[in-house]
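Visitor: Submitted below is the structure of interest, expressed as structure tokens.
The values are calculated or read from the model by the stated rules, or taken from the named source; none is laboratory data. Treat the numbers as computed from the prediction; the structure is a model and nothing was measured. Heads up, the Cβs are rebuilt from the backbone with ideal geometry, glycines too, and the neighbour counts pull from every protein chain shown. Surface accessibility is based on the protein's heavy atoms, side chains included, excluding ligands, DNA and RNA. Shrake-Rupley method; radii C 1.70, N 1.55, O 1.52, S 1.80 Å.
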Amino acid sequence: MEIIASAPGKTILFGEHAVVYGEPAIAGAVNKRATIRLKEASGVSIFKSNDLGFEAELDTVAKRYRLKKGKPGIIKYILEILHKCHDHSPIELDLSLDIPIGSGLGSSAAVTVATLAALFKYQGKKFNKSFIAKKAHEIENNVQGMASPLDTRVSTFGGLIYLSKDKKISKFDTNLKSSFVIGYTSKRGNTGRMVKSVKSLKNRHPMVVTPIIKTIGKITDEAKIAIIKKQEFKLGELMNVNQGLLDSLGVNTNELSRMVYLARKAGASGSKITGAGGGGSIIACCPRNQDRVFKALSYHDNAIKVNFSNRGVFVKEIR
């Protein structure tokens, strides 16, 4: 028996960092996915990925691994899942991934969600998407120290979603007509480190940083209205305002800033960091000029044209 589970990456339109402190956020699942193939193994558990060029033997009891080739990368999420949720019988996991790691596109969340879905199916457990999203967030919290529930929820449910202050998810009925381009650098972001950095800044300057966090929440609510009303140029303007606030939180880099302004110069109505920052990605809203923006961002860095995906996690059994 082999289990296959797949989950999408994501892009955050609004609400990075603020969502950690109870503010709303808007994010969408993208047409880039993580796929896990899981089957019984003999002797020792194995985690491997041709896409990432690594293979490791896993000690799921001690949360240790012996690397056979490549770099460990995303393996800590797999170890955490198997330590917390598995009976430690030997299994083999094979990861296919077309989401760039560390790019702010939710690779760790997609891998976590897909792995949990595959594992629970393999174990014969009954589960729903709400349960997967909750468990995936717990895993990311354990690994990162502090994590937003947004990435794992988007990866689980799919679609373009609004996450309210009370953590309720609602999907937008409308599809954005605007095209989006994501640009990402070779410098990877570290979500856990950036979340801790903003927390430290907030602790040092609570009277200054707390209003910034709350204002990002207000921008998100304005963006929700703009999406519903299909005010796509207003959406771009709000992205630009949001970017200024993210910059003030210290999560920008020279590379990200260059791409943000390059996208605007090429004709994007708005652009901002997507994800935790410190490396990773920017997203550009392109009611017009998508090809120009894509070409401009691709010249020095990497870029992809993004389609939002309504399909969240899915799992199937092959006998």
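Visitor: So what's the net charge close to Thr152: Lys and Arg +1, Asp and Glu -1, counting the other residues with Cβ under 14 Å from its Cβ?
Guide: On the way: positive: Lys10, Lys129, Lys134, Lys135, Arg153, Lys167; negative: Glu80, Glu138, Glu140, Asp151.
Net of charged neighbours comes to +2.
Visitor: Could you tell me the ratio Rg/Rh of the stretch 152-230? Both radii from Cα atoms, Rh via Kirkwood.
Guide: Numbers: Rg = 15.7 Å, Rh = 15.4 Å.
Using Cα coordinates only, the ratio equals 1.02.
Visitor: Taking the Cα centre of the stretch 49-149 as origin, work out the dipole magnitude from +1 charges on Lys and Arg Cβ and -1 charges on Asp and Glu Cβ, in debye rounded to 20. Before the final figure, lay out each step's value.
Guide: Working: 14 positive and 11 negative charges, 55 e Å.
About 260 debye.
Visitor: While we're on this one: Based on alpha-carbon centroids, what's the gap between the stretch 260-319 and the stretch 132-150 in Å, whole number please?
Guide: 24
Visitor: Next question, about the same structure. Okay, helix-only estimate at 222 nm for the chain: each DSSP H run of n ≥ 4 adds -39500 (n - 2.57), divide by all residues, round to 500 deg cm²/dmol; what do you get?
Guide: Values: 9 runs with 129 residues, N = 319.
For the chain, the value works out to -13000 deg cm²/dmol.
Visitor: When Lys and Arg each count +1 and Asp and Glu each count -1, what net charge do the other residues less than 11 Å away from Val209, Cβ to Cβ, add up to? Show your work: numbers first, answer last.
Guide: Details: positive: Lys199, Lys202, Arg204, Lys214; negative: none.
Once positives and negatives cancel, what remains is +4.
Visitor: With a 1.4 Å probe and every protein chain left in place, work out the accessible area per residue of the stretch 230-274 in Å², rounded to a whole number.
Guide: I get 41 Å² per residue for this part.
Visitor: Name the residue farthest towards the positive end of the dipole of the chain from the options Ser200, Ala268, Val181, assuming +1 on Cβ of Lys and Arg, -1 on Cβ of Asp and Glu, about the Cα centre.
Guide: The Cα lying farthest towards the positive end belongs to Ala268.
Visitor: Then there is this: How far, in degrees from 0 to 90, does helix 191-204 lean away from the longest principal axis of the Cα atoms of the chain, to the nearest 10?
Guide: Helix 191-204 sits at roughly 50 degrees to that axis.
Visitor: Using +1 at the C-beta of Lys and Arg and -1 at the C-beta of Asp and Glu, which of Tyr65, Pro8, Leu95 has the Cα lying farthest in the positive direction of the dipole of the stretch 6-105?
Guide: It is Tyr65.
Visitor: Something else: Using the alpha-carbon atoms, what tilt in degrees (0 to 90, nearest 10) does helix 232-248 show relative to the longest principal axis of the chain?
Guide: 80
Visitor: Using bins 5 angstrom wide from zero, how does P(r) for the stretch 184-280 break down, in % of all Cα pairs?
Guide: Computed distribution, short to long bins: 3, 13, 21, 22, 20, 14, 6, 1.
Visitor: Is there a pair in Lys10/Lys171; Lys76/Lys135; Lys165/Lys214; Lys48/Lys135 whose C-alpha atoms are over 18 Å apart, and which pairs would that be? Working shown, then result.
Guide: On the way: Lys10/Lys171 14 Å; Lys76/Lys135 15 Å; Lys165/Lys214 11 Å; Lys48/Lys135 23 Å.
Check vs 18 Å cut-off fails for Lys48/Lys135.
Visitor: Can you give me the Rg/Rh ratio for the chain, using Cα atoms for both radii and the Kirkwood formula for Rh? Let's see the in-between values first.
Guide: On the way: Rg = 19.2 Å, Rh = 19.7 Å.
Expressed as Rg/Rh, it is 0.97.
Visitor: Next up: Between Lys305, Lys168, Lys224, where does the largest GNM mean-square fluctuation fall for the chain, given springs only between Cα atoms within less than 10 Å?
Guide: Lys168
Visitor: Follow-up. Can you quote the Å³ per residue value for the convex hull of the Cα atoms in the stretch 1-148, rounded to an integer?
Guide: Working: hull volume 16.1 nm³, N = 148.
Hull volume over Cα atoms, normalised by residue count, gives 109 Å³.
Visitor: Ok, one more. By the scheme Lys and Arg +1, Asp and Glu -1, what is the net charge of all other residues having a beta-carbon under 13 Å from that of Gly267? Can you show the working numbers first?
Guide: On the way: positive: Arg264, Lys265, Arg288, Arg292, Lys295; negative: Asp291.
With Lys, Arg at +1 and Asp, Glu at -1, the net is +4.
Visitor: Continuing with this model, one more query. Please report the spacing between the Cα centers of the stretch 62-97 and the stretch 171-226 in Å, no decimals.
Guide: 30
Visitor: By how many degrees, between 0 and 90 and to the nearest 10, does the Cα long axis of helix 206-228 differ from the longest principal axis of the chain?
Guide: Once rounded, one gets 90 degrees.
Visitor: Within the stretch 3-35, what residues put their amide N at less than 19 Å from the label point 7 Å along the Cα-to-Cβ vector of Ser248?
Guide: 14-25
Visitor: Tabulate in residue order the Karplus-calculated ³J(HN,Hα) for the stretch 157-167, using 6.51 cos²θ - 1.76 cosθ + 1.60 with θ = phi - 60°, rounded to whole Hz; enter x for Gly and Pro.
Guide: For the stretch 157-167, the Karplus curve yields 8, x, x, 9, 10, 10, 9, 6, 4, 8, 6 Hz.
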